[in-house]
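The values are calculated or read from the model by the stated rules, or taken from the named source; none is laboratory data. Source: prediction; values computed, not measured. Here the Cβ positions follow ideal geometry from the backbone for every residue, glycine too, while neighbour counts run over all protein chains shown.
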Amino acid sequence: MTDHDHAAALHRAVALFGSQAAFARAIKVSPQHVNKLLKGGYVEPRLCKRIETACDARIAELRTKGAQEDAFTRVTRHDLCPELFDAPCADCPIRHLPPAPPDAMSTGM
C-alpha cells in the first residue's frame with residue numbers, strides 16, 4: 001500500500017461523516033488535527049482503531065437509515081497503517097490486533 005492509498009482510506013473515512021468536523025467529533029480529535037492528517041496522508045497508529053470503530057458505527061447507522069449495503073467501503077486499521085496492522089479476516093466478526101512482539105511477551109508488558 002502506498003502513501004496515496006493511506007490518504008484515500010482517510011478521505012473515505014471523512015466522506016462517511018460528511019465533513020471534517022463531524023469526523024473529528026467521531027474520533028475525538030480537533031478539526032485541525034483531521035486537516036493535518038489529510039494534508040500529511042499519515043495516521044498515527046493510536047488513531048487507527050478509533051477510526052475503524054467510528055467508521056463501522058457510521059456505516060451501520062447509515063444502513064439503518066436505508067443506505068444500500070454496498071454503498072460504503074469499510075475503512076480498516078490495516079487500510080490506514082498496514083505496516084502495523086494485519087488485514088482483517090473477511091469471515092471473522094472480531095478483528096484482532098497483531099500479536100505482541102516477542103520482547104513484550106517475555107517482559108510481561
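Filtering the range 61-76 to residues that are over 14 Å from residue 16 (Cα atoms) and modelled with pLDDT of 90 or more leaves nothing. Here the range 39-67 is the region considered, the condition is being closer than 19 Å to residue 84 by Cα and more than 10 Å from the chain's Cα centre (by Cα), and the residue that is surrounded by the most Cβ atoms within 10 Å (Cβ to Cβ) is 41. Quick check: is even one residue across the range 21-36 surrounded by 14 or more Cβ atoms within 10 Å (Cβ to Cβ), at pLDDT below 95 and touching a Phe, Trp or Tyr at 6+ places or on another chain (Cβ under 9 Å)? Among the residues of the range 21-36, not one is surrounded by 14 or more Cβ atoms within 10 Å (Cβ to Cβ), at pLDDT below 95 and touching a Phe, Trp or Tyr at 6+ places or on another chain (Cβ under 9 Å), which makes the answer no.
Against the test of being of a type in the set (D, E, K, R) and either at pLDDT below 85 or part of a loop (DSSP other than H, G, I, E, B) (or both), the options 46, 95, 58, 50 yield a single qualifying residue, 95.
Among the residues making up the range 1-20, a single one is without any contact (Cβ under 8 Å) to a residue 12 or more places away in the chain, surrounded by 12 or more Cβ atoms within 10 Å (Cβ to Cβ) and not aliphatic (A, V, I, L, M): 19.
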